[in-house]
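For reference, the structure discussed in these notes is given below.
The values are calculated or read from the model by the stated rules, or taken from the named source; none is laboratory data. Note that the structure is a prediction, hence the values are computed from the model and not measured. So basically every Cβ, Gly included, is an ideal-geometry build from the backbone, and we count neighbours across all protein chains shown. Please note that ligands, DNA and RNA were not included when accessible areas were found on the heavy atoms of the full protein model with its side chains. Shrake-Rupley method; radii C 1.70, N 1.55, O 1.52, S 1.80 Å.
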Amino acid sequence: MSYVLLLVGFALLIFGANYFVEGASKIAGYLKVSPLLIGLTIVAFGTSSPEATVSILAALNGNADVALGNIVGSNIFNITFVVGVTAMIAPLAVESETIRKEIPFTLLASASMFIFIADVILTEASTNVMTRSEGLVLLLIFSVFMYYIFEIARKNRHAEREEVAPDPAEKPTWGKQIILTLVGLAAIIFGGDLVVRNSTEIAMSLGMSETLVGLTIVAVGTSLPELVTSIIAALKKESDIAIGNIVGSNIFNILFVLGISATIIPLEVDPKIFLDVIIMIVLTLILMVFSRTNYKVGKIEGAILAAAYIIYMIYIIIRN
């Protein structure tokens, strides 16, 4: 029964995120918000809402390993498999602003996470714990990122106004989109609860560690909205939305999701996850290098990233 409920939870997460993104994006379009803001915030945060729900609920239930594993595993999945598969379908053009500012911001977030969980190494503490104050620092950095995004959106608002304006023949359906957004959010919350409860139960029955479950089953399941959204965006030649979705999601996962989770309840850290965080940082650097190649991630680079994720999955399963 736990397996069935886990699948139901994933289905609710995916469909809920789809409705949430559709409704929120339509509302953003009615308000004439720029595509840059939509890609890096509305779409990115919408597709990351399953990760947010799962990690926050896991933290509340005392499952810090699932909360942290979900965030790190989702980011690694986004950088490697999501970018890789999307680039193999259609090469991803990357703007210079993304290379110079947004990907480095992802590195900053990742480095901050590593520093905050490395208590034993840096302060010779007896255990590694992410405290409430460290969670608040992550949220503060997130507010700085949001300020940067809104400033960029404000500067580009007039130049891109026509691109985001809704069809004049299409009458805005505010009520429908608000309902879609709320229904999607409700499905995400309920689905997230099912995923946390049942994945933990399955892990215990199979002798798997909660960290492994968070890095694999939960991480992949909650990242499916990013994968679907980025593939669709790439097929529609919307590279900005595709790469913005991935970069924005990773920033959101660390700064907001981890920040909120640690602020709610201090998170005790499994030492095993240190290597995974380092891998996440290295992969982000590789993505930056690939992005600098003619300002795009091509099919060959995409294949390398997708293969890297398969190798990583084999490694962590053997490690368990």
(Q) Based on this model, can you work out whether ILE273 counts as under 18 Å from the mean Cα position of the chain (by Cα), in contact (Cβ under 8 Å) with a residue 12 or more places away in the chain and closer than 30 Å to THR131 by Cα? (A) yes
Q: Give the residue, chosen from VAL213, VAL220, that is in contact (Cβ under 8 Å) with a residue 60 or more places away in the chain and open to solvent by 10 Å² or more (accessible area, probe 1.4 Å).
A: VAL220
**Q.** Selection from the stretch 277-320 of residues that are outside any helix (DSSP H, G or I) and either modelled with pLDDT of 90 or more or charged (D, E, K, R) (or both)
**A.** ARG292, LYS296
(Q) Can you say whether ASN253 is closer than 21 Å to VAL213 by Cβ and either touching a Phe, Trp or Tyr at 6+ places or on another chain (Cβ under 8 Å) or modelled with pLDDT of 85 or more (or both), as far as the supplied structure shows? (A) yes
Q: State which residue pairs qualify: first residue in contact (Cβ under 8 Å) with a residue 24 or more places away in the chain and open to solvent by 10 Å² or more (accessible area, probe 1.4 Å) and inside the stretch 293-316, second residue of a type in the set (S, T, N, Q) and not in a helix (DSSP H, G or I) in any location, beta carbons under 9 Å apart, and separation of 6 or more residues or different chains.
A: GLU301/THR293
Q: Quick one: which residue in VAL196, VAL137 is assigned to a helix (DSSP H, G or I) and either modelled with pLDDT under 80 or in contact with a Cys (Cβ under 6 Å, 6 or more places away or on another chain) (or both)?
A: VAL196
Q. From the residues in the stretch 231-270 that are more than 14 Å from the chain's Cα centre (by Cα) and of a type in the set (S, T, N, Q), which one is least open to solvent (accessible area, probe 1.4 Å)?
A. SER261
